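What follows is a set of notes on a single structure, which appears directly below.
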Amino acid sequence: MVSSPDLSLVARRVRSGDTAAFRDLVEHTQGDLFRLAARLLDSATDADEVLQDAYMKAYRALCDGKFDGRAGVRTWLYRVVTNTALDALRRRAVRPAGDDAELETAVDSAPGADAQMALAELARWLDALPPDQRAALVLCGIEGLTNREASAVLGISEGAVEQRLVRARATLRERRGRDE
């Protein structure tokens, strides 16, 4: 089994001019970050574009010395991807429904029909949420980050994360009540 490199060391190598080290950073984070972007955007195609944009921003920030190391590299990358995805959501004038089949295959490679139906339903439920609530719910409820980690990713307080989660859950309960 190949162990993951110390991402803070890799980031320092990039900062000191080792551009090839950035490949290591991408290689060891792209799966998790793609899944995050795809769930936030409900589209594997949009997730690819956002992830490329986020990696470009991260590379520039590392080379320019803008990453200060206060947060872990993985947490910082989650923040860059989340902010880039939220910006993409805000730019959409009308948010078209995503291609559920594309998202199911790209995100989880779920082979069973039941799993595919569950993923499609999850995408529809997440679609009902405003971007800030969606981000908090995806980070904490799906990606498994703690409220503290999500607050670092989103650049808000832990209380604000909890408030967004409460609102997201209320929105989903309300929708469930309407659907039943």
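The values are calculated or read from the model by the stated rules, or taken from the named source; none is laboratory data. Since the structure is predicted, the reported quantities are computational estimates derived from the model, not experimental observations. Neighbour counts run over all protein chains shown; Cβ positions are idealised from the backbone, glycine included. With ligands, DNA and RNA removed, areas are computed over all heavy atoms of the protein, side chains included. Shrake-Rupley method; radii C 1.70, N 1.55, O 1.52, S 1.80 Å.
In segment 14-23, what residues are open to solvent by 70 Å² or more (accessible area, probe 1.4 Å) and more than 21 Å from Asp48 (Cα to Cα)? Quick ask: steps written out before the conclusion?
Initially, segment 14-23 is screened for residues open to solvent by 70 Å² or more (accessible area, probe 1.4 Å), giving 15-16, 19, 23.
If the condition is that a residue be open to solvent by 70 Å² or more (accessible area, probe 1.4 Å) and more than 21 Å from Asp48 (Cα to Cα), then Arg15, Ser16, Thr19 are the ones that fit.
Looking at the structure I just gave you, is Val26 buried (at least 21 other Cβ atoms within 10 Å of the Cβ) and of a type in the set (A, V, I, L, M)?
Values: buried (at least 21 other Cβ atoms within 10 Å of the Cβ): no; of a type in the set (A, V, I, L, M): yes.
Here the answer is no, as Val26 does not meet what is asked.
List every residue pair whose Cβ atoms sit under 8 Å apart, with the two residues 6 or more apart in sequence or on different chains, where the first one lies in segment 66-83 and is touching a residue at least 24 places away in the same chain (Cβ under 8 Å) and the second, anywhere, is of a type in the set (Phe, Trp, Tyr) and in a helix (DSSP H, G or I).
Hits for this filter: Phe67/Trp76.
Report the residue count in segment 41-82 for those that are under 12 Å from the mean Cα position of the chain (by Cα) and open to solvent by 70 Å² or more (accessible area, probe 1.4 Å).
3
Here is a check on your reading of the model: is Glu143 of a type in the set (Asp, Glu) and under 16 Å from Val81 (Cα atoms)?
Values: of a type in the set (Asp, Glu): yes; under 16 Å from Val81 (Cα atoms): yes.
Here the answer is yes, as Glu143 does meet what is asked.
Would you tally the residues in segment 141-176 being free of Cβ contacts under 8 Å to residues at least 60 places away in the same chain, outside any helix (DSSP H, G or I) and not polar (S, T, N, Q)?
Number of matching residues: 2.
Check Arg39 against each of (1) in a helix (DSSP H, G or I); (2) more than 17 Å from Arg90 (Cα to Cα); (3) at pLDDT below 95 and name the one condition it does not meet.
Tallying (1) in a helix (DSSP H, G or I); (2) more than 17 Å from Arg90 (Cα to Cα); (3) at pLDDT below 95, Arg39 fails exactly one: (2).
So, in segment 45-75, exactly how many residues are charged (D, E, K, R) and in a loop (DSSP other than H, G, I, E, B)?
Residues of segment 45-75 that are charged (D, E, K, R), as a first pass: 46, 48-49, 53, 57, 60, 64, 66, 68, 70, 74.
Within this subset, residues satisfying the condition of being in a loop (DSSP other than H, G, I, E, B) are 64, 66, 68, 70.
Summing the residues that are charged (D, E, K, R) and in a loop (DSSP other than H, G, I, E, B) in segment 45-75 gives 4.
Checking the conditions here, which among Ala11, Ala85, Ala38 is surrounded by 16 or more Cβ atoms within 10 Å (Cβ to Cβ), under 23 Å from Ala150 (Cα atoms) and over 14 Å from the mean Cα position of the chain (by Cα)? Can you show your working first?
On the way: Ala85 fails: over 14 Å from the mean Cα position of the chain (by Cα); Ala38 fails: over 14 Å from the mean Cα position of the chain (by Cα).
Result: Ala11 is the single residue among Ala11, Ala85, Ala38 that is surrounded by 16 or more Cβ atoms within 10 Å (Cβ to Cβ), under 23 Å from Ala150 (Cα atoms) and over 14 Å from the mean Cα position of the chain (by Cα).
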